[in-house]
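Notes follow once the structure below has been shown.
Taken together, the values in this text are just the output of simple stated rules run on the coordinates, not laboratory data. Note that the structure is a prediction, hence the values are computed from the model and not measured. Glycine gets a Cβ as well: all are built from the backbone with ideal geometry, and neighbour counts include every protein chain shown.
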Amino acid sequence: MAASERHQELRQQRLDKALRWRERGVDPYPPRAVRSHTASEAAQLADSPEPTTVTVAGRIVAMRVMGKLAFLDLRDGSGRIQAMLRADSFGADRFATLHDLDLGDFIAVSGQPMRTRKGEPSVDATDFTLLTKAIEPPPEKWHGLADVEQRYRQRYLDLMSNDGAREIFQLRSQVVSWIRRFMDERGYLEVETPILHNLAGGAAARPFVTHHNAVDRDLYLRVALELHLKRLVVGGLDRVYEIGRIFRNEGADTTHNPEFTMMEWYEAYADYTTMASMFEEIVSGVALDILGTTEVANPDGDVINLAPPWRRLTMRQGLIEYTGFDFEDYRDLEQLRGLFGERGLPLPPGAGWGKLVDEMVKQYVEPHLVQPTLLIDYPVELTPLAKRKPDNPSLVERFEPFVRNFEIGNAYTELNDPVDQRQRFEEQARLRAAGDEEAELIDEDFVRAIEYGLPPTGGAGLGIDRLVMVLSGQHSMREVILFPALRSEQTGGGI
């Protein structure tokens, strides 16, 4: 029998069982459920000297009916517990209805917590109630899903059958909660800023465009949190942070998803060195408090040590160390383009000098940044919102933290000179006109805001998804996003 035919047969059997429950006067989808204890709470009462009656509820994940004795393993959000049902306690007719239960069904059982002869915590059941009849069979034998894309597309099945998947998303929740406590304890104010923007700014990225019908104009889903948060610092909120969704119109791979979660924070009277220390403190602290160690596994086999201090490496030093190339010797754009030709590297459309340097860093330096490294001091063309270095105005005070060859954040000393800011935006406009789709747009309102005075400020961003990847030792961002972007199931096209 073909797999599809077998699947339809199993579905029909379950539909028939649901009908039989209805014929007995039992609603297979009752509106309410009674539960007195979770599975873990009931298990803890297994050795209690005091007789206690509990009612636990959960999904049937294992089922063994042997004559006049049945064992059902139930799982809820707290764990698993076994229910033991005896025909003598229910009567023959009632006990026979167990045959109309299936793996995946939800039931509630009432009875006395106890241990079996093998020492397993159980509930010696005297009653059970059907709570939900599952029509679709669960993944085969609860061993999980072999099809990786199916795991992502039908995450509910992955969570249902894969303990590891549930642990990853429990870890993710713990990480976000820990970060919030950390920021709150240091006097940062959590805020919410708009997702729909008049202009796409704050990062070199292509935006998603939507249309506001009421005012008949296009709006952009935010590509960064930065510009609104800095407006708040102008307004007198010295320490602010936001954890929110970011949207970038790009493809998906192991370290990218078109929508992802970022935390950004800004502190008045700070700079990028302040942000560097804080970044190390957050990443190492969350690892130590949640995992109990600053050493985490790398899927490639290395052990990553997140303990500070992290290595500091300037972009210039990195290129010299790994290629022998010193960008100070290639200040002429055409000369640098010629070097790309010599090395067989593709030229990005409309790329200026800074972007070409960045492409070389991606090609030759980033593959070596396995252990935590702060790559610092970027060309000014790459970061129109960062402050120039006083001793070298062609560079800005910026760093990107790298772990396992990919960046997990970004930070800089914020540019607060409105004249310089306008000039930088105008240069970005020229690059955009030359074909660089990721160049920033001129944000007149932001320039006007800092004309009122932005104090010396440090700002940083931390990618929550990539941080969880590092902490959980996962190879792909899709493993740590509950519902990642996927190709269309109908057409196969799309992301």
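From least to most packed, judged by other beta carbons within 10 angstrom and beginning with the fewest, Met275, Met160, Met315 follow the order Met160, Met315, Met275. Taking amide H positions as modeled 1.01 Å from N, with prolines and chain starts lacking one, the residues under 5 Å from Leu395 and 5 or more places away or on another chain are Val380, Lys389. Couplings for segment 123-132, taken from phi via the Karplus curve 6.51 cos²θ - 1.76 cosθ + 1.60 with θ = phi - 60°, read 10, 7, 7, 10, 7, 9, 9, 6, 9, 8 Hz in order; Gly and Pro are left as x.
Remark: segment 171-188, residue by residue, has Karplus-estimated 3J(HN,Hα) of 4, 4, 4, 5, 4, 5, 5, 4, 4, 4, 4, 4, 5, 4, 5, 9, x, 7 Hz, where x stands for each Gly or Pro and the curve is 6.51 cos²θ - 1.76 cosθ + 1.60 at θ = phi - 60°.
Ranking of Ser110, Ser36, Ser173 by neighbouring Cβ atoms within 10 Å, starting from the fewest: Ser173, Ser36, Ser110. Simple point charges give the picture: +1 on the Cβ of Lys and Arg, -1 on the Cβ of Asp and Glu, and for the chain a dipole about the Cα centre of about 2000 debye.
For the set Lys17/Lys118; Lys230/Lys389; Lys230/Lys355, the pairs lying more than 22 angstrom apart at their alpha carbons are Lys17/Lys118; Lys230/Lys355. A cut-off of 5 Å between modelled amide H atoms, ignoring neighbours fewer than 5 places along the same chain, links Ser78 with Ala39, Ser40.
Based on Cα contacts under 8 Å between residues 6+ apart, segment 3-138 shows a relative contact order of 28 percent. With the Cα gyration tensor of the chain giving a ≥ b ≥ c as the square roots of its eigenvalues, does the rule (a/c under 1.5 for rounded; else a/b larger than b/c for prolate; else oblate) give rounded, prolate or oblate? Because a/c hits 1.5 or more and a/b exceeds b/c, the chain counts as prolate. Dividing the helix sum by the residues of the chain, where each DSSP H run of 4 or more adds -39500 (n - 2.57), gives a mean residue ellipticity at 222 nm of -10000 deg cm²/dmol. Between Val61 and Glu250, take the C-beta separation as r, use R0 = 41 Å, and let me know the FRET efficiency to the nearest 0.05. The formula returns an efficiency of 0.55 here. About its Cα centre, segment 256-401 has a charge dipole of approximately 280 debye under the convention of +1 per Lys or Arg Cβ and -1 per Asp or Glu Cβ, with nothing else charged.
The string of couplings for segment 157-169 from the Karplus curve (6.51, -1.76, 1.60, θ = phi - 60°) is 6, 4, 5, 5, 10, 10, 4, x, 5, 4, 5, 4, 7 Hz, one whole number per residue in order, with x for Gly and Pro. In percent, rounded to a whole number, the relative contact order of the chain is 13, using alpha-carbon pairs under 8 Å and six or more apart.
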